[in-house]
Every structure is written in structure tokens, then in C-alpha cells.
1. Which helices, taking whole DSSP H runs in the chain, have alpha carbons extending 27 angstrom or more along the helix axis plus mean Kyte-Doolittle at least -0.5?
2. Note down the net charge around Lys435, summing +1 for each Lys or Arg and -1 for each Asp or Glu among other residues with Cβ under 15 Å from its Cβ.
3. Within the P(r) computed for the chain, what percentage of the Cα pairs occupies the region above 41 Å?
4. Anything over 28 Å Cα to Cα? Flag those among Lys223/Lys246; Lys131/Lys282; Lys35/Lys330, in the order listed.
5. What accessible area per residue, rounded to a whole number of Å², is obtained for the chain using a probe radius of 1.4 Å?
6. Two decimals is fine: what is log10 I(q)/I(0) at q = 0.12, 0.15, 0.17, 0.21 Å⁻¹ for the stretch 13-108, from a Debye sum with one equal scatterer on every Cα and no solvent?
7. Tell me the net charge near Gly93. Cut-off is 12 Å between Cβ atoms, Gly93 excluded, with +1 for each Lys or Arg and -1 for each Asp or Glu.
8. With the full set of protein chains in place, find how many percent of the accessible area of the stretch 1-119 is carbon and sulfur; take the probe as 1.4 Å.
Amino acid sequence: MRISVIGCGYVGLVSGACLAAIGHDVICADSDDSKIRKLNSGEVPIYEEHLDKVIEAARSAGRLSFTNSVAEAVRSGDAIFICVGTPPLADGGADLSAIENVARVIASEARTPKLVIEKSTVPVQTGQQVKRALQVYGRDHGATFRVASNPEFLREGTAVGDLLHPDRIVVGVEDAESERQLREIYQPIMDGKFKCPIHAQGCPPLAPARFIVTTINSAELIKHASNSFLALKISYANLISDLCEKLGANVDEVTHAVGMDPRIGPQFLRAGIGFGGFCLPKDVQAFIRLAERAGVDFSMLKEAERVNKRRIDEFVERVHAALWIVKEKKIGVLGLAFKANTDDIRFSPAIDVIGRLLNEGARISASDPQAIDRTRSLYPDLTYSADPYATAKGAEALLILTEWPEYRALDWKRIRGLMMRPLVLDGRNLLEPVKMSELGFEYHSFGRPGTPVTTPTH
Ligand code: UGA
């Protein structure tokens, strides 16, 4: 079966490369010509661990190609994955115009039967709209269409592993043939029968993926419900962290023990400056709008969003409390990406914090293992260095804004010697408060002893 992937953003590229890696013939299309030229010259436009190698191997094996012609990809594929962006509209809802455009191209270019699979994150009932668009715009061309939903749960930073070793594959279908085709596509993953491009020595023992078949509406809802629940969990942990501070408990101890309950689970309970990225914040908003339109009061989610926005205020207040005057002071920033192991700065809490401090006249010097280039286009006047020690040099405060594990392993004694004032505000609870105090730092984090019980006014 030939597979086409429309949209070479994060999900499209990782999906296309991994589907080729498990043995399918895949053509990926994007109307952004510069992106396709890069890909065709061997450049990968995003940083994602393993992705460059997986793409290269699949291209060399002749199983993966890229085109700027969506029409060409449509004509060649039996199964077409729609992976275009669904960015937020001003009212928080999802902009589905790219989905409609692709549906129109599919409708007008297809001459053979097509299984059209939505992989982009979309609000419930989008599948019905796609079906209608295919019927309306394809009425004169004689091709038949089946529509399915196959939401993607990959995380940036671990996307390739998530796709090749998923915990679940959700397919929303309306007929047996669509289910059969989707099973065929994912069979190598279900059977573990593919040469894993990221585990040369053999894959670690993992529970087999579950193949979950639902209606299209349910599959669409599962994606939004999953991301929104993760957001709720993080905001919950952040409120627990606030309580810990007020009442003298330690959020690490509390969330560790709470997360050991298998009904709750240990992940997504890390307190800090809150969630960012192009998925959780926009999906929460889109889900809120969707619930409103459906007449369901989901104010619980609004609260999670509000708690998350307040994290930035809270953090900036801590900077004020510790530094007093921000204007003209050199502040070092470690971490720009919205999370570790990515160069993605979209809706990154770090970017918000920097914007606020710049408005107050701070002199920011910043470091990140991957995200400097992207940040430079947003804030051209910051001082950047890939070297965290250079960033710390002469700084009156050092802010940790992304949870890059390598920051844990820095020579913090050396950093103390380099800074004008040994002050660290850790927005990701990455370091150990006791160790930092022992090293002579004034150290602040969230919800752990060593953090002031009340934020002084200034
Ligand atoms: C998220 C979901 O985790 C994926 O399952 C989903 O497929 C993806 O969105 C998507 O919709 O495409 P991602 O945006 O890559 O993945 O990032 P997450 O790992 O979810 O992290 C989101 C944010 O939450 C980051 O800013 C991270 O630093 C923050 N976070 C995460 C916390 O503040 N605390 C935690 O305990 C966990």
C-alpha cells in the first residue's frame, strides 16, 4: 500500500519517516517549497533526536520521498495522512482551513479509491466535515473516499521512539475496510517486526501496543481529552506546589508519593513555570471552545489554563523579590525551548519570561542546547551563547527555564565563581535545593524548602 503524508511539520515528518522505516513506501508533501528543498538536500528543518538518521535511511532505501506538489502525493497514495497544522484562532478555537484545503485537493486530484486519515489534532466532528468536502468537491471525478481518524500521541523530544513503540494506536473508522487498511499499516509495529532504526542492539522490552478501534468522533475526542488531562495534571501539581510552600511541605515528596498510586501515575506532576509548546496550551483552549459550543460547562479546564498563565507572573514576581530592581541588570537564562530535547520555542514559558524582563529593561544573556537560532529571530538583541558558563559570567541572577538534563550536570561551583551574585531561580525544579545552598547559592525553586514561604512585596 502506498502512503502519502500531507504536511511536513512535526507530526508529518516523524510519521512519514517512521512509516517508511517500518517498510512502507511513503511520499511526504508540503506546499512550502523551501522546506521541501531543504528536505531533498538532506537537511531536516526541525531538531528531533533520531529523525535525521531515520529519514536518511528511508530515503537511501528508496522508501521515502518529498514533494512540493500536494496533488502529486494525493494521486500516488492509497492511504493519505493529513498532518497539516491546526493553529489557534483569536477565540481559542482551532483554525481548520488547512484541513479543508487539503480535502479539496484530495477531492479534485484523486482518481482511485483513497483512505483519508486525519492525524492533525482536530475538534470532534471534523471527520464528518472532511467527508462532506470530499463528496462535494470530488463529485465529478469518480473516486471513492473513506475517512478515518488516527490521532498521534508523540511527544516532541521523544517523537520517533513514541511513534515506533507506542502504548496505543487509536483508529476511528466507519467501516471494516478502513480498519483493515489501518491494521495493515501498523501491523509491523503491532508485531514488533521491523528493523528498529533507533535501537541497534535490540529494542528494550516494552508492553505491546494496544490497537484501539473507535468511531471517528471518539478518536478525535480522545486526542483532545488526553492533552487536556495532562494539562490539568500539571496545573494540579503546580497548585500543590503553592500549598507546599505556604504550609512547609515539599512538593517533590508529595507528588512522588501521590504518583505512586497507579490510578494517578507519576508523570506530569512536575511543578514549575507551567506547560507550553504548540500542543497543550492550544488544545486546552480548543477543547474549552468545543465544550462551550456543545453546551458543556468545562470551567475546570479554564481554571487549569488560568493557573498555568499565573505561573509566569509568579515566577517574574520571584525574580523581583530576589533581585529588587531588574532594570539594567544582567540576567542569565538557561533554557529557551518549551521543554528539553527540542528546538521548539512556540508558546515556550521561557520566551514569555524573557519578554517580561526585557520590558523592564533587563539585559538578558541566554543559552540553550538547540533553540538559540529560533529565539534569535524573535529576540535579535539578546546576547546568546551555546556555552552556559559564558551565560552565567557576570550575571546577577541565573534563571533555569527549560528542564534540559545537562544543566543538572554543570559545574555549579564554577558557575558560582563566574556570577556577579550567586542567585539561581530554578523555574523547573531541576536542581537540589540543599546542594545549591551548600555551594553557596541563594536558590529558589517551586514548592520545596529553601523557597520563601511568602513572596516579599517590593
Ligand atoms: C504533548 C503530549 O504530551 C503528547 O502526548 C501529544 O501527542 C502532543 O502534545 C501533541 O498533541 O502533539 P508535547 O507538546 O511534545 O506533547 O510536550 P509535553 O511533554 O506534553 O510537555 C508539554 C509542556 O508541559 C512542556 O512545556 C513541559 O515542560 C511541561 N511539563 C510537562 C510540566 O511543566 N510538568 C510536567 O510534569 C510535564
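The values are calculated or read from the model by the stated rules, or taken from the named source; none is laboratory data. Quick caveat: nothing in here was measured; it's all calculated off a predicted structure. Please note: Cβ atoms are built from the backbone with ideal geometry, for glycine as well, and neighbour counts cover all protein chains shown. Only protein heavy atoms, including side chains, enter the accessible area calculation; ligands, DNA and RNA are left aside. Shrake-Rupley method; radii C 1.70, N 1.55, O 1.52, S 1.80 Å.
1. Those that pass (Cα extent of 27 Å or more, hydropathy at least -0.5) are 216-247.
2. -1
3. Looking at the chain, the distances longer than 41 Å represent 23 percent of pairs.
4. On the way: Lys223/Lys246 35 Å; Lys131/Lys282 25 Å; Lys35/Lys330 37 Å.
Flagged as over cut-off: Lys223/Lys246; Lys35/Lys330.
5. Counting only protein heavy atoms, the per-residue value for the chain is 45 Å².
6. One equal scatterer on each Cα of the stretch 13-108 leads to -0.41, -0.63, -0.79, -1.11.
7. Working: positive: Lys282, Arg289, Arg293; negative: Asp91, Asp95, Asp283, Glu292.
Once positives and negatives cancel, what remains is -1.
8. Carbon-and-sulfur percentage of accessible area, whole number: 47.
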